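Below is one structure, written out as structure tokens; comments come after it.
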Amino acid sequence: MRLFAAVIPPDEALRELGRAVDPLHALPEADGLRWTERPGWHFTLAFMGEVDDALLPDLHERLGRAAHHSEDFRLRLHGGGHFGRRVLWIGAAGGLDAMRMLAERANAAARRAGVPMDEHRAYHPHLTIARAREDTDLRPYVDALHAFEGTPWQAAELALVRSNLPRGGVTGEQPRYETVCAWPLGD
Ligand code: 2AM
């Protein structure tokens, strides 16, 4: 199954984000963006891709240990940014060092469980809210999100999320995300 480890903001933070994102849909060229679905909003810690079922017991155990050895931390949604001309995201602020450490531990846990992990990406905490179908100037969206500051919460869980890719046929259909397991941080 296709898996990734993530921090999932609480419902209230996601509702707040929804209120900040809604007005963006009215900006010019917004129709050329595919907006991600709110129930799936998350901060990826470690993307694993397709994972062999045989690795799952060890993966679960190692992720559980990674969570146990980590501290919970304050986090808030903070402003926006873009990757190139295609990906629009919301940033995070607060305990970013702790979040980065958790991402490293989740990565190491997956690698030690036998999942081939991409080593080259620098970790950049972000929550993707839209992807452009074609190259698009995303700066107006980032400008509109500049002042957005969410209410902080205590991030206290490491989630393992399954991504069910669309089977095709329906244009614009998105992956469905399902939390398969979650471990408390630090307990
Ligand atoms: P993204 O939001 O920047 O696309 C599920 O696909 C999650 O894993 C997304 O948050 C996605 O980040 C992240 N991810 C990281 N590396 C990925 C990759 N190589 N392929 C697909 N998703 C990836």
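The values are calculated or read from the model by the stated rules, or taken from the named source; none is laboratory data. Source: prediction; values computed, not measured. Ideal geometry is used to build each Cβ from the backbone, glycine not excepted, and the neighbour counts take in all protein chains shown.
Have a look at Gly84, Gly79 and point out the one that is on the phi > 0 side of the Ramachandran plot and out of contact with any His (no Cβ under 7 Å at 6 or more places or on another chain).
Gly84
Filtering segment 136-144 for residues that are more than 11 Å from the ligand (Cβ to nearest atom), polar (S, T, N, Q) and touching a residue at least 24 places away in the same chain (Cβ under 8 Å) leaves a non-empty set. Taken over segment 59-105, the criterion of being of a type in the set (Lys, Arg) and part of a helix (DSSP H, G or I) is satisfied by Arg62, Arg65, Arg100, Arg105. The lone criterion from (1) in contact (Cβ under 8 Å) with a residue 40 or more places away in the chain; (2) not hydroxyl-bearing (Ser, Thr, Tyr); (3) not in a helix (DSSP H, G or I) left unmet by Ala108 is number (3).
Summed over segment 1-44, residues that are charged (D, E, K, R) and assigned to a helix (DSSP H, G or I) total 8. Would it be correct to say that Thr151 is away from the ligand (no atom under 15 Å from the Cβ), of a type in the set (Ser, Thr, Tyr) and either touching a residue at least 12 places away in the same chain (Cβ under 8 Å) or under 20 Å from Arg15 (Cα atoms) (or both)? Answer is yes for this residue.
Within segment 1-57, being more than 16 Å from the ligand (Cβ to nearest atom), within 16 Å of the chain's Cα centre (by Cα) and either of a type in the set (Val, Ile, Thr) or modelled with pLDDT under 95 (or both) holds for no residue. Please specify each residue of segment 118-155 satisfying the condition of being buried (at least 19 other Cβ atoms within 10 Å of the Cβ) and within 22 Å of Glu104 (Cβ to Cβ). Once the filter is applied, which keeps residues that are buried (at least 19 other Cβ atoms within 10 Å of the Cβ) and within 22 Å of Glu104 (Cβ to Cβ), segment 118-155 yields Pro125, Leu127, Ala155.
Do the conditions hold for Ala98, that is, is it among the aliphatic types (A, V, I, L, M), touching a residue at least 12 places away in the same chain (Cβ under 8 Å) and touching a helix residue (DSSP H, G or I) at 6+ places or on another chain (Cβ under 8 Å)? So that I can check it myself, show each step before the final result.
Values: among the aliphatic types (A, V, I, L, M): yes; touching a residue at least 12 places away in the same chain (Cβ under 8 Å): yes; touching a helix residue (DSSP H, G or I) at 6+ places or on another chain (Cβ under 8 Å): no.
For Ala98, the condition - among the aliphatic types (A, V, I, L, M), touching a residue at least 12 places away in the same chain (Cβ under 8 Å) and touching a helix residue (DSSP H, G or I) at 6+ places or on another chain (Cβ under 8 Å) - is not met.
Quick one: count up the residues across segment 84-98 that are within 14 Å of the ligand (Cβ to nearest atom) and either of a type in the set (S, T, N, Q) or under 21 Å from Leu14 (Cβ atoms) (or both). Of the residues in that region, 6 qualify.
Here's a check for you: in segment 67-90, which residue that is basic (Lys, Arg) and surrounded by fewer than 18 Cβ atoms within 10 Å (Cβ to Cβ) is nearest to Ala130 (Cα to Cα)?
First, pick out the residues of segment 67-90 that are basic (Lys, Arg): 74, 76, 85-86.
Retained after the next criterion (residues that are surrounded by fewer than 18 Cβ atoms within 10 Å (Cβ to Cβ)): 74, 85-86.
Working: Arg74: 25, Arg85: 11, Arg86: 8 Å.
Restricting to residues being basic (Lys, Arg) and surrounded by fewer than 18 Cβ atoms within 10 Å (Cβ to Cβ), the top hit is Arg86.
When we screen Glu16, Glu37, Glu29 for residues that are within 26 Å of Ala106 (Cα to Cα) and in contact (Cβ under 8 Å) with a residue 12 or more places away in the chain, the only hit is Glu37. Of everything listed in (1) within 15 Å of the ligand (Cβ to nearest atom); (2) among the small types (Gly, Ala, Ser); (3) within 17 Å of Gly64 (Cβ to Cβ), the single unmet condition for Ala109 is (1). In segment 148-161, the count of residues that are in a loop (DSSP other than H, G, I, E, B), of a type in the set (A, V, I, L, M) and within 23 Å of Arg86 (Cβ to Cβ) is zero.
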